[in-house]
Structure formats: C-alpha cells, structure tokens
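Structure first, commentary second.
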Amino acid sequence: MGFPRYLTYVRWGGGIAWAADVAARHRWAPVRAGFETVVRPRPKPMACVVAYAELALGRGLITGFLTPAALIGGLLLTDVYFVPMIHDWAEQGRNSMMALISAVGLFGMSWQTWSPVAALGWL
C-alpha cells in the first residue's frame, strides 16, 4: 500500500525541488540567497512546514476556529509564495487572488458572523 498523495509530497519534498529550480533562476539575489540558506539544506522539513501550515490554514477557515489567525497565516503564506513567483504571470494571478480573499476576510471581520470562537465569546 502506497502513501497517500499528500504524504508522498511531504515525504519526498517534491515541491521543494520545483521551488529550487524557480529560485535558481530568480532575478533577485536576496531571494536566491535566502532559498539557498534556509530551504535547500533542509528540503523535507520545509516541505512539512508548508504542508502543515496549509492544512492548519484550511482547517481554521473551514471550522471557523481562530479565523483571524488563519487569515493572517494565509496572507503570510501567500507572501512567501508570491515573492519567488513574482516574475511568473500565472502564479502571480493565483497568489494575488488568495491574498485578496484573505484580506477581505480579515478586514471584513468574517469570524463575527458564525464561528465557535464568537459563540464562546473569545472575540
């Protein structure tokens, strides 16, 4: 029995290999240097960080639990994806829309309509 697809991605760090190719061709030296310093030496842990951050973000938004933290995390993840992909038009459009969705949810205070946090009176 093989690994589920998302665990295979985390286990082998497939997205990190793709990101390494993008970072190597990036026009900005700080992006290349940052990737070489932080990500390339530890591809599997970085793949786990990304996968679990996306999982926590999705669960936070779906369940409505700690929605402001999930939306801020979504903005940060989008920024982390947007900077290396700044010269790729397809990625730029997708990341811009994800940032817009997070910003509208955050500044529209979407968690006040229905959420366990609002029901408990934490916010």
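The values are calculated or read from the model by the stated rules, or taken from the named source; none is laboratory data. These numbers come from a predicted model, not from an experiment. Quick reminder, even Gly has a Cβ in these numbers, built from the backbone with ideal geometry, and neighbours come from all protein chains shown. The area values use the complete protein model at the heavy-atom level, side chains included, leaving out ligands, DNA and RNA. Shrake-Rupley method; radii C 1.70, N 1.55, O 1.52, S 1.80 Å.
Distance between the pseudo-spin-label points of Phe82 and Val38 (7 Å out from Cα toward the beta carbon): 1.6 nm. For the stretch 26-97, trypsin sites (Lys or Arg not before Pro) meeting the loop criterion (DSSP other than H, G, I, E, B) and having at most 16 other Cβ atoms within 10 Å: Arg27. Residues Ile86, Ile72, Ile101 ordered from highest to lowest accessible area at a 1.4 Å probe: Ile101, Ile72, Ile86. Can you work out the FRET efficiency for the pair Val31 and Ile62, with r the C-beta to C-beta distance and R0 = 22 Å, to the nearest 0.05? The formula returns an efficiency of 0.10 here. Across the protein chains, with a 1.4 Å probe defining accessible surface, the residues Tyr81, Tyr52 rank Tyr52, Tyr81 from largest area downward.
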